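Working notes, beginning with the structure itself.
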């Protein structure tokens, strides 16, 4: 198995640390999450891609700053108080090769076409038959002191983000990732 890493850059980690402070509000779209901070600046999260190998692409969360963002669409709610926790999660993308020839395809003289299947999840879900693996930073959870939270993760569609606010769904995610117990 060939293994690569496409995890959060130092710049992204520094910008994510700013989410611990007080917020004015935030805006969510399919491709972008923007948190406007109390000082009027913003931290923008998007999914970035890397061509790991031919026909194998991996996605990670990437952060940028905006010193003069548009007004936030939603109020900050529980995140306005500051002292928020921000936790980064490692994900995995992997590829598995084509199906092995069967007695029937060999008898026909035809081998299956060369193809591969691509998967994503967390490192604990990696298949033993993976050919290529890329570890990524695929999600963060921001938790307010009140217990309210946001899960922001790379989406199923390329370059998309999923933003989850439902406490039970966030709890399930945390348990799947081994961050919280039953």
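Some values worked out for this structure:
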{"read-out": "Cα-derived Rg over Rh, computed across the stretch 1-91 with Rh taken as Kirkwood radius", "value": "1.04"}
{"read-out": "Correct option for log10 I(q)/I(0) by the Debye sum over Cα atoms at q = 0.09, 0.14, 0.17 Å⁻¹ [calculated from the coordinates] among (i) -0.32, -0.76, -1.10; (ii) -0.38, -0.88, -1.22; (iii) -0.39, -0.78, -1.05", "value": "(iii)"}
{"read-out": "FRET efficiency estimate (nearest 0.05) - Cβ-Cβ, residue 66 to residue 116, R0 25 angstrom", "value": "0.10"}
{"read-out": "Choice from 67, 123, 158 showing the highest fluctuation, given a GNM over the chain with Cα pairs closer than 10 Å", "value": "67"}
{"read-out": "Share antiparallel - DSSP beta bridges, the stretch 2-176, percent rounded to 5", "value": "90 percent"}
{"read-out": "Fewest-first ranking of 14, 168, using other Cβ atoms within 10 Å as the exposure measure", "value": "168, 14"}
{"read-out": "Nearest-ten-degree value, helix 167-176 long axis tilted from longest Cα axis of the chain", "value": "50 degrees"}
{"read-out": "Computed helical MRE - 222 nm, the chain, DSSP H runs ≥ 4 contributing -39500 (n - 2.57), nearest 500", "value": "-3500 deg cm²/dmol"}
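Every number in this text was worked out from the coordinates using simple rules, so none of it is lab data. On a predicted model such as this, the values are computed, not experimentally measured, just so you know. Backbone-built Cβ (ideal geometry, glycine too); neighbour counts: all protein chains shown.
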